[in-house]
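Bear in mind these aren't lab numbers, they're just calculated from the coordinates by the rules spelled out. A quick note: this is a predicted structure, and the numbers were derived from the prediction, not measured. Methodologically, a virtual Cβ is constructed for each residue, glycine included, from the backbone with ideal geometry; neighbour enumeration extends over all protein chains shown.
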Amino acid sequence: MKEIARFGVSMDKELLDKFDEVISKKGYTTRSEAIRDLIRNLIVEEEWSQETGEVMGVVVTVYDHKQRELCSKIVEKQHHHTDNVICTLHIHIDEVHCMEITALKGTVKEVKELADELRSFKGVKYSKFVKATTGSGL
């Protein structure tokens, strides 16, 4: 188990009250865990800004599967990047719409470029890219 360090934080009472309200709504039982999550998120953002090392990300796309050749274009793009595509999950939303969740791993440049390519196909109705981490720097 890692050594735990304790430290004090000074802040405006009104700001602390708002923080307590927000973390309570999000289900945190302690300020410490909420602060740890904020710090982890800051570290992950820093990983991405440094553009060195390996990162991960997830692309969520929703599209009309009847859009001509869109499904095959997405799959072809994924197969062209087998070093970066860790896995995919295909979900049938209804008779027309599908959701594709693609987990990516690689350099910041590789992951960003592939995410942008997957999101830019004509016929994609919604797309969201989420930055993630391998966890090695946390």
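Which distance in nm do the two modelled labels at Trp48 and Met1 give, with both placed 7 Å along the Cα-to-Cβ direction?
Computed distance between label sites Trp48 and Met1 equals 3.3 nm.
Specify the angular offset, from 0 to 90 degrees and rounded to the nearest 10, of the alpha carbon long axis of helix 31-50 from the longest principal axis of the alpha carbons in the chain.
The angle comes out near 50 degrees.
Can you compute the modelled spin-label distance between Lys26 and Ser120, with each label point 7 Å from Cα toward Cβ, in nm?
Computed distance between label sites Lys26 and Ser120 equals 3.3 nm.
Just the projected area, averaged over all directions, of the convex hull on the alpha carbon atoms of the chain: how many nm²?
Working: hull surface 46.5 nm².
With the hull built on Cα positions only, its mean projection is 11.6 nm².
Cα centroid distance between segment 72-92 and segment 11-56, in Å?
Result: 32 Å between the Cα centres.
How far is helix 70-80 tilted, in degrees, relative to the longest principal axis of the Cα atoms in the chain, given as a value from 0 to 90 rounded to the nearest 10?
Here the helix axis deviates by roughly 70 degrees.
Just to verify a number: FRET efficiency for Leu89 and Met11, C-beta to C-beta distance, R0 = 35 Å, to 0.05? Could the numbers behind the result be given before it?
Numbers: r = 41 Å, r/R0 = 1.17.
So the FRET efficiency works out to roughly 0.30.
Take every Cα-Cα pair in segment 55-132 and report what % of them are more than 20 Å apart. Working shown, then result.
Details: 678 of 3003 pairs.
The answer is 23 percent, as a whole percent.
Which residue, Glu54, Glu110, Glu95, has the most motion in a Gaussian network model of the chain that connects Cα atoms within less than 10 Å?
Looking only at Glu54, Glu110, Glu95, the biggest GNM fluctuation is shown by Glu95.
By how many nm would the segment from Ala132 to Thr82 lengthen if fully extended, with 0.36 nm per residue of separation less the alpha-carbon distance?
16.1 nm
Among rounded, prolate and oblate, which fits segment 65-108 when a ≥ b ≥ c are the square roots of the eigenvalues of its C-alpha gyration tensor, a/c under 1.5 means rounded, and a/b larger than b/c means prolate? Write out the running numbers ahead of the final one.
Values: a/c = 3.46, a/b = 1.79, b/c = 1.93.
Verdict is oblate for segment 65-108.
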